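Worksheet for the structure shown next.
The values are calculated or read from the model by the stated rules, or taken from the named source; none is laboratory data. Because the structure is a prediction, the values reported are computed rather than measured. Cβ sites come from the backbone with ideal geometry, for glycine too, and all protein chains shown count toward neighbours. The accessibility values were calculated without ligands, DNA or RNA, using every heavy atom of the protein model including side chains. Shrake-Rupley method; radii C 1.70, N 1.55, O 1.52, S 1.80 Å.
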Amino acid sequence: MAAGFVFGLAMDVVDASVMGQHALAYVLLAFAAAGLSRRVLWFPLSQQALHVLPLFLASTGDEWSRAWYGAEFPGVLWFLSSFTAALLWHPVTYLLLMPQFRPEDKDVHRPI
């Protein structure tokens, strides 16, 4: 959560937004992700994507708060990245788990 706070402050400086806006959002997202992390692993990948979709939507939710205070709304397509991330959850999970898959017959001449 500390990393979320530090990166959130950096994002506030980069975006020239209200100080602490991104930091608060990132800390809350890190807290929610830590709370869901063990629960999500019990579900199949398609249901995992549905569980993390609200977190992805919340990560872009700071744009809602900026629009509420008078900034220009970026449009609905801004939130398309959340749905894209949820759709990519399944293939990226397999991609990241590929190093853990071992061949059934072990080759003694192969170093790994």
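At a 1.4 Å probe radius, which order do Tyr26, Tyr69, Tyr94 fall into by accessible area, largest first?
Result of the area sort, largest leading: Tyr69, Tyr94, Tyr26.
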Give me the dipole magnitude in Debye, nearest 20, for the chain about the Cα centre, with unit charges on the beta carbon: positive for Lys and Arg, negative for Asp and Glu. 400 debye
With a cut-off of 19 Å, note down the residues of the stretch 43-68 whose backbone N falls inside the zone around a label point 7 Å from the Cα of Val18 toward its beta carbon. 58-68
Quick one: accessible surface of Leu24, probe radius 1.4 Å, all protein chains present, in square angstrom to the nearest 10. 110 Å²
Shape metrics for the chain, restricted to C-alpha atoms - Rg then Dmax, Å: 18.6, 65
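What ranking of Asp15, Asp105 comes out by heavy-atom accessible area, probe 1.4 Å, highest first?
Asp105, Asp15
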Where does helix 45-59 land angle-wise versus the long Cα axis of the chain, in degrees 0 to 90, nearest 10? 30 degrees
Using only Cα atoms, locate the centre of the stretch 76-108 and the centre of the stretch 1-37, then give the distance between them in Å, rounded to an integer. 25 Å
Please work out the FRET efficiency for the pair Ala34 and Phe7, using the Cβ-Cβ distance as r and a Förster radius of 22 Å; give the result to the nearest 0.05. 0.90
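Sorted by packing (mean other beta-carbon atoms within 10 Å per residue), highest first, where do 80-93, 46-59 land?
Per-residue Cβ counts within 10 Å, averaged per peptide and sorted highest first, yield 46-59, 80-93.
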For the chain, longest principal axis from Cα atoms; helix 2-15 axis from its Cα atoms; angle between them, nearest 10 degrees, is 50 degrees
How much accessible surface area, in Å² rounded to 10, belongs to the heavy atoms of Asp62 with a 1.4 Å probe? 20 Å²
